[in-house]
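Presented below is the structure to which this report refers.
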Protein chains: 2
Amino acid sequence: MSGTELLENLADGPCVVACPVRRALDILDGKWTLLVVRDLLSGKKRYSELQRSLEGISPRILAQRLRDLEAQGLVLRRVFPTNPPTTEYELTEQGLAMRGIIGALAEFGATMV
Amino acid sequence: MSGTELLENLADGPCVVACPVRRALDILDGKWTLLVVRDLLSGKKRYSELQRSLEGISPRILAQRLRDLEAQGLVLRRVFPTNPPTTEYELTEQGLAMRGIIGALAEFGATMV
DNA sequence: AGCGAGCGCTATATAAAGTGAAGTAGTTAC
DNA sequence: GTAACTACTTCACTTTATATAGCGCTCGCT
């Protein structure tokens, strides 16, 4: 089902039962979640790269969001036994499905000057 | 600029300066904001209709979100001097631009079973 | 006349989420 | 030796959301 078709179904009334929009928002809850996803859309990133890019995020929240996304199967985490040890985060196939959301947000944000 | 083009620009690196995704998320911040928008996409709604549809929302938050959306120019609020007085909320032209976001969320939420 | 229901909220108290500064443990470059 | 990099954790604090109660009004019912 496409986004447009889903929208037409939504138009019939309130989502009484589990609505796909609500499910998406439950998964993507949290102030920084979609910004982490945005950064990962351009390829795998290390913890410190994300921290630098997401100006203002606290390390606690970044770690929490990455763990949550990993638990959802949206992000893959890989630790390398280098020196100092580095960790890489990468979107899974399923995680890449969020491209459309980020695109739509970017489009909307661009119109809101 | 389309969503895809914006995505390609994002791919170059972190959004150091005001990123459209970040701007969108700032505006749409809050757990219930996008669910309110989802409901309003199918036409104008009254306060009590929204409250019934958004099972679990507290009246305080609903009022706050509607006020915020109105302040952003995304929602139009109209009070009728009927008995009892009714209030109608409706998406503005600018508010309708969020259709793409809700569509993308619905599409993603549908894949996350 | 009195009762409860519906309208669109607001008030107050409490729980959850996020912030900011600091700390941890190991390694390496100056 | 000391400062920095790595990926985080801990703690005290603020911000945000929830739960519950209530307001002033009018309507229909009895």
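The values are calculated or read from the model by the stated rules, or taken from the named source; none is laboratory data. The structure presented is a predicted model; accordingly, all values stated were derived computationally and were not measured. Neighbour counts are summed over all protein chains in view; Cβ atoms, including those assigned to glycine, are modelled from backbone coordinates with ideal geometry.
Of the conditions (1) within 12 Å of DNA strand C (Cβ to nearest atom); (2) among the basic types (Lys, Arg); (3) in contact (Cβ under 8 Å) with a residue 60 or more places away in the chain, B:LYS45 satisfies every one except a single condition; which number is it?
(3)
For the range B:30-81, which residues satisfy the criterion of being surrounded by fewer than 15 Cβ atoms within 10 Å (Cβ to Cβ) and in contact with a Phe, Trp or Tyr (Cβ under 6 Å, 6 or more places away or on another chain)?
Within the range B:30-81, B:ARG77 is the sole residue that qualifies.
Search the range A:82-98 for residues being within 11 Å of DNA strand D (Cβ to nearest atom) and of a type outside the set (D, E, K, R), and hand back the single one that is nearest to the other protein chains (Cβ to nearest Cβ).
Let us first name the residues in the range A:82-98 that are within 11 Å of DNA strand D (Cβ to nearest atom), namely A:82-89.
When the remaining residues are screened for being of a type outside the set (D, E, K, R), the result is A:82-87, A:89.
Working: A:THR82: 23, A:ASN83: 26, A:PRO84: 22, A:PRO85: 23, A:THR86: 18, A:THR87: 18, A:TYR89: 14 Å.
Of everything passing the filter in the range A:82-98, A:TYR89 is nearest to the other protein chains (Cβ to nearest Cβ).
If you go through the range A:56-91, how many residues are assigned to a loop (DSSP other than H, G, I, E, B) and closer than 30 Å to B:ALA97 by Cβ?
Kept after step one, since they are assigned to a loop (DSSP other than H, G, I, E, B), are these residues of the range A:56-91: A:56-58, A:72-74, A:81-85.
Those left that are additionally closer than 30 Å to B:ALA97 by Cβ: A:56-57, A:72, A:74.
Total satisfying the criteria: 4.
Of B:ARG23, B:ARG52, B:ARG60, B:ARG38, which residue is at pLDDT 90 or above, closer than 20 Å to B:GLU93 by Cα and more than 13 Å from the chain's Cα centre (by Cα)?
On the way: B:ARG52 fails: closer than 20 Å to B:GLU93 by Cα; B:ARG60 fails: closer than 20 Å to B:GLU93 by Cα; B:ARG38 fails: more than 13 Å from the chain's Cα centre (by Cα).
That would be B:ARG23, the only listed residue that is at pLDDT 90 or above, closer than 20 Å to B:GLU93 by Cα and more than 13 Å from the chain's Cα centre (by Cα).
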